[in-house]
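I'd like to ask you about the structure that follows.
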Amino acid sequence: MRPRTWIALLVALLVAALAGLALGPVSLAPGTVWSALFGNGDANAIAIVQTLRLPRIALGIVIGAGLGVSGAALQATLRNPLAEPYLLGVSGGAAVGAVTAVALHFTSLAVLPIAAFAGAALAVTLVLLVARAAGARGDPRVLLMAGVVVGAFANAAVMVLLAGAPGDTVRGALWWMMGSLSDATWQGTRWIAVYVVIGGTLLLALGREIELLALGEDPAAALGVDVERATRRVYLAASLLAAVTVAGAGLVGFVGLVVPAIVRALGARSVRSVMLGAAIAGGALVVAADVVARTVRAPAELPLGAVTALIGVPFFLSRLRRMT
Amino acid sequence: MIRFDDVVLRYASATRPAVNGVSLDAPRGAITAIVGPNGSGKSTLVRALLGRLVPERGTISLDGIPIQTLSRLEAARRVALVPQREEPAFPLVVRDFIALGRYAHGGVWSGETADDRAAIASAAQRAGVNEYLGRRTVELSGGEWQRVRIARALAQGGDALVLDEPTAFLDVAHEMAVFELLDALAREGRAVLLVSHQLNLVARFATRIALLHAGALAAFGTPDDVMRGDLLEQVYEWPLVVSRDPAVGAPVLVPLRHRAPR
């Protein structure tokens, strides 16, 4: 990617973040936002910007980056441009892990990602086993079908776990299952960021292996990759990233699908640059989608996952048409 | 350099082995060819060289070192291999694709070194792909694509080059260019191991030919040893004659028609 494309991506992220600070049920003028950022001016504006919107935007950036990098790594490793954590059922598995942890009263965002990771790792293993049993490893559609099936199973499992819970808990859980940044806090965002940086660094370190796996298993082996070991590591790190985003913001689908494709279309060549670009573009997309979620029907808020699905599904269908 | 010693290979769910007790070697400085009907175990031998299939019996070794004791990286530094089929999931620029051959020589975060650049440039030159280094892999013709893949193997380096049907889909000129290149590489001292269906070209270029039949070695020797009408007719289950080409002096296989043409 050319330097000016990188700059354009960063500008897009900045614009989305500024829009996120200014827009919402209460719209603030750019000047007011600016002063409030530094603790000057109207006390209400300061509270809205610093306590409500800033952590929310930070969480959005971190979540989007995690989903983008995870999607980019999975697409290349599985050699499937339609792969992404939500469609592969990985996010669903993470939701089961997270809901189980909450049911057992582990609610800290330091611990929740680990439970979500356990669920996600289980789901990705299950999906790959189902796809392999179908005997069509080469067919990208079989893998997605396996992912959708495991995702449906995960949804059912969450419902079973929630049965008997008080009504408020169920409503809260369902809202979270649709994806939302509304519970963002600085402390939680810090934990999520730590895990996203760990998972992202692991995948970047595996960048050269992922590049070769995208050629196919035999060519990768011929060039020196230990295929089984490298693949396992990519799945684990990508699952960690997806799980962390689920722990932080629930199920936000399609970001991992759309963003790597955009970055590739913008000219990113190596897997590492696709992953880095997807991190930036993912952050911008999630923050922008959250602005839409907060403003379209204000004061009511749309689920974030619904907004990303409204963007992602048409995109998915156009890709699928091109493949078949 | 590459040696198969009484190797038995079986796929996970298969009842009978795909390769049964095959012994052959590919020395430096020569082209060694593996030929045989479809399903005779040629590509299985190649996959075993990649460590994708572990011998049930026997050993595969590189310069006397059993391949199982080498890491994939170490093996890739010794043997460059062009698998039969390959389709990148996402189109690559040709130069980037050739540069992937340098994987075994770099570290986790290391960028392209001067050695890498020199190896890539010389490989591209050798394989004759300099004109399309800037094109994308999806824009290449079948012949160009095969040459680009050979260029990547050359950039990988090592003392041995293994190719699984490198001239499938190529026209006569491209096919001859590939064989001439392999011949030159062998003359420079590399061990070239080649799986091919082109018996007549193999008979002209290879020093030795291994003929596989239903997973076993039907013959292994010089082209004159292996290119025998009775032997090939039995292995390929098709009537044929072997004559000698008056122009080049090599044995030539001519498959016959079951019935006389009208």
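The values are calculated or read from the model by the stated rules, or taken from the named source; none is laboratory data. Since this is a predicted model, take the numbers as computed values, not measurements. Cβ placement follows ideal geometry from the backbone for every residue including glycine, while neighbour counts extend to all protein chains displayed. Just so you know, the surface numbers come from the protein's heavy atoms only, side chains and all, with ligands and any DNA or RNA stripped out. Shrake-Rupley method; radii C 1.70, N 1.55, O 1.52, S 1.80 Å.
Pick out, from region B:17-105, the strands (runs of 3 or more DSSP E) lying fully within it that include 2 or more residues that are of a type in the set (Gly, Ala, Ser). Give the derivation first.
Numbers: elements: B:19-26, B:30-35, B:57-62, B:79-82.
In region B:17-105, B:19-26, B:30-35, B:57-62 are the strands (runs of 3 or more DSSP E) which contain 2 or more residues that are of a type in the set (Gly, Ala, Ser).
Restricting to region B:132-154, name every residue that is modelled with pLDDT of 95 or more and among the acidic types (Asp, Glu).
Matches in region B:132-154: none.
Could you please find all residues in region B:91-101 being under 14 Å from A:Gly207 (Cβ atoms) and open to solvent by 30 Å² or more (accessible area, probe 1.4 Å)?
Across region B:91-101, the qualifying residue is only B:Asp96.
Which of the residues belonging to region B:37-69 are open to solvent by less than 10 Å² (accessible area, probe 1.4 Å) and farther than 29 Å from B:Arg228 by Cβ?
B:Leu50, B:Leu62
Also, I was wondering about something else. Checking the conditions here, which among A:Arg264, A:Arg208, A:Arg269, A:Arg233 is within 18 Å of A:Phe117 (Cα to Cα) and within 14 Å of chain B (Cβ to nearest Cβ)?
Details: A:Arg264 fails: within 18 Å of A:Phe117 (Cα to Cα); A:Arg208 fails: within 18 Å of A:Phe117 (Cα to Cα); A:Arg269 fails: within 18 Å of A:Phe117 (Cα to Cα).
The unique qualifying residue is A:Arg233.
If A:Phe106 passes every condition in (1) more than 14 Å from every other protein chain (Cβ to nearest Cβ); (2) at pLDDT 85 or above but one, which one does it miss?
All conditions pass for A:Phe106, except number (2).
With respect to A:Leu88, is the statement that it is more than 14 Å from chain B (Cβ to nearest Cβ) and open to solvent by 40 Å² or more (accessible area, probe 1.4 Å) true? So that I can check it myself, show each step before the final result.
Working: more than 14 Å from chain B (Cβ to nearest Cβ): yes; open to solvent by 40 Å² or more (accessible area, probe 1.4 Å): no.
When the stated conditions are applied, A:Leu88 does not pass them.
Only one of these is at pLDDT below 90 and among the aliphatic types (A, V, I, L, M): A:Leu59, A:Leu67, A:Leu87, A:Leu74. Name it.
Working: A:Leu59 fails: at pLDDT below 90; A:Leu67 fails: at pLDDT below 90; A:Leu74 fails: at pLDDT below 90.
After applying the criteria, what remains is A:Leu87.
Also, quick follow-up: Run A:Glu228 past the list (1) of a type outside the set (S, T, N, Q); (2) touching a helix residue (DSSP H, G or I) at 6+ places or on another chain (Cβ under 8 Å); (3) more than 23 Å from A:Ile63 (Cα to Cα) and report the number of the one that doesn't hold.
A:Glu228 satisfies every listed condition except (2).
Can I ask one more? Which count do you get for residues in region A:205-225 that are of a type in the set (A, V, I, L, M, F, W, C) and part of a helix (DSSP H, G or I)?
Taking region A:205-225 and keeping what is of a type in the set (A, V, I, L, M, F, W, C), we get A:205-206, A:210, A:212-215, A:220-223, A:225.
From the residues that got through so far, the ones that are part of a helix (DSSP H, G or I) too are A:205, A:210, A:212-213, A:220-222.
Qualifying residue count, region A:205-225: 7.
What number of residues within region A:196-238 satisfy the criterion of being among the basic types (Lys, Arg) and under 22 Å from the mean Cα position of the chain (by Cα)? Quick ask: steps written out before the conclusion?
Start the filter on region A:196-238 by keeping residues that are among the basic types (Lys, Arg), which leaves A:208, A:229, A:232-233.
Then drop every residue that is not under 22 Å from the mean Cα position of the chain (by Cα), which leaves A:232-233.
Residues flagged as among the basic types (Lys, Arg) and under 22 Å from the mean Cα position of the chain (by Cα) within region A:196-238 amount to 2.
Let me ask you something else. Among the residues of region B:56-95, write down those that are polar (S, T, N, Q) and farther than 27 Å from A:Leu78 by Cβ.
Quick first cut of region B:56-95, residues polar (S, T, N, Q) only: B:59, B:61, B:68-69, B:71, B:84.
Matches in region B:56-95: B:Thr59, B:Ser61, B:Gln68, B:Thr69.
Which residues, taken from region B:245-259, are under 21 Å from B:Arg204 (Cβ atoms), modelled with pLDDT under 90 and open to solvent by 60 Å² or more (accessible area, probe 1.4 Å)?
Step one: filter region B:245-259 for residues under 21 Å from B:Arg204 (Cβ atoms), giving B:245-255.
From what is left, the residues that are modelled with pLDDT under 90 are B:245-250.
Correct list: B:Pro246, B:Ala247, B:Val248.
How many residues are part of a loop (DSSP other than H, G, I, E, B) and at negative phi when one looks only at region A:12-33?
Of the residues in region A:12-33, the ones part of a loop (DSSP other than H, G, I, E, B) are A:23-29.
Still in the running and at negative phi: A:23, A:25-29.
Qualifying residue count for the region: 6.
If the requirement is being among the hydrophobic types (A, V, I, L, M, F, W, C) and within 14 Å of chain B (Cβ to nearest Cβ), which of these qualifies: A:Leu241, A:Leu203, A:Leu251? Can you show your working first?
Numbers: A:Leu241 fails: within 14 Å of chain B (Cβ to nearest Cβ); A:Leu251 fails: within 14 Å of chain B (Cβ to nearest Cβ).
Of the residues listed, the single one that is among the hydrophobic types (A, V, I, L, M, F, W, C) and within 14 Å of chain B (Cβ to nearest Cβ) is A:Leu203.
Does any residue of region B:25-36 turn out to be surrounded by 15 or more Cβ atoms within 10 Å (Cβ to Cβ) and within 11 Å of another protein chain (Cβ to nearest Cβ)?
There is no residue in region B:25-36 that is surrounded by 15 or more Cβ atoms within 10 Å (Cβ to Cβ) and within 11 Å of another protein chain (Cβ to nearest Cβ).
Can we say A:Val196 is surrounded by 15 or more Cβ atoms within 10 Å (Cβ to Cβ) and farther than 20 Å from A:Leu122 by Cβ?
Numbers: surrounded by 15 or more Cβ atoms within 10 Å (Cβ to Cβ): yes; farther than 20 Å from A:Leu122 by Cβ: yes.
Criteria met by A:Val196.
Separate question: Can you tell me which residue among B:Asp164, B:Asp116, B:Asp183 is open to solvent by less than 60 Å² (accessible area, probe 1.4 Å), within 14 Å of chain A (Cβ to nearest Cβ), over 30 Å from A:Arg264 (Cα atoms) and of a type outside the set (Lys, Arg)? Steps first, answer last, please.
Working: B:Asp116 fails: over 30 Å from A:Arg264 (Cα atoms); B:Asp183 fails: within 14 Å of chain A (Cβ to nearest Cβ).
Going through B:Asp164, B:Asp116, B:Asp183 in turn, just one is open to solvent by less than 60 Å² (accessible area, probe 1.4 Å), within 14 Å of chain A (Cβ to nearest Cβ), over 30 Å from A:Arg264 (Cα atoms) and of a type outside the set (Lys, Arg): B:Asp164.
Being touching a residue at least 60 places away in the same chain (Cβ under 8 Å) and within 7 Å of chain A (Cβ to nearest Cβ) is the filter; apply it to region B:78-104 and report the residue that is farthest from B:Ile60 (Cα to Cα).
Pass one, region B:78-104, residues touching a residue at least 60 places away in the same chain (Cβ under 8 Å): B:78-84, B:86.
Now restrict to residues that are within 7 Å of chain A (Cβ to nearest Cβ): B:81, B:83, B:86.
Values: B:Leu81: 15, B:Pro83: 18, B:Glu86: 24 Å.
Here the answer is B:Glu86.
Still on this structure: Hey, any hits in region B:169-176 for a residue that's open to solvent by less than 20 Å² (accessible area, probe 1.4 Å) and either closer than 17 Å to B:Ala124 by Cα or within 12 Å of another protein chain (Cβ to nearest Cβ) (or both)?
No, every residue in region B:169-176 fails to be open to solvent by less than 20 Å² (accessible area, probe 1.4 Å) and either closer than 17 Å to B:Ala124 by Cα or within 12 Å of another protein chain (Cβ to nearest Cβ) (or both).
Okay, moving on. Filter region A:211-227 down to residues that are at the interface with another protein chain (Cβ under 7 Å from one of its Cβ atoms) and open to solvent by 30 Å² or more (accessible area, probe 1.4 Å) and give me whichever is farthest from A:Ala73 (Cα to Cα). Before you say what the answer is, go through the steps one by one.
Kept after step one, since they are at the interface with another protein chain (Cβ under 7 Å from one of its Cβ atoms), are these residues of region A:211-227: A:211-212, A:214-216, A:218-219, A:221-226.
Imposing the further condition that a residue be open to solvent by 30 Å² or more (accessible area, probe 1.4 Å) reduces the set to A:211, A:218, A:226.
Details: A:Glu211: 9, A:Asp218: 19, A:Asp226: 17 Å.
Per the criteria, the residue is A:Asp218.
Right, something else. Checking A:Val49 against (1) touching a Leu at 6+ places or on another chain (Cβ under 7 Å); (2) in a helix (DSSP H, G or I); (3) open to solvent by 20 Å² or more (accessible area, probe 1.4 Å); (4) more than 30 Å from A:Thr125 (Cβ to Cβ), only one condition comes out false. Which one?
(3)
So, in region B:130-158, exactly how many residues are open to solvent by 20 Å² or more (accessible area, probe 1.4 Å) and more than 14 Å from the chain's Cα centre (by Cα)?
The total comes to 14.
Separate question: Give the residue, chosen from A:Ala83, A:Ala115, A:Ala146, A:Ala134, that is crowded, with 21+ Cβ neighbours inside 10 Å and without any contact (Cβ under 8 Å) to a residue 60 or more places away in the chain.
Details: A:Ala83 fails: without any contact (Cβ under 8 Å) to a residue 60 or more places away in the chain; A:Ala115 fails: without any contact (Cβ under 8 Å) to a residue 60 or more places away in the chain; A:Ala134 fails: crowded, with 21+ Cβ neighbours inside 10 Å.
So the residue among A:Ala83, A:Ala115, A:Ala146, A:Ala134 that is crowded, with 21+ Cβ neighbours inside 10 Å and without any contact (Cβ under 8 Å) to a residue 60 or more places away in the chain is A:Ala146.
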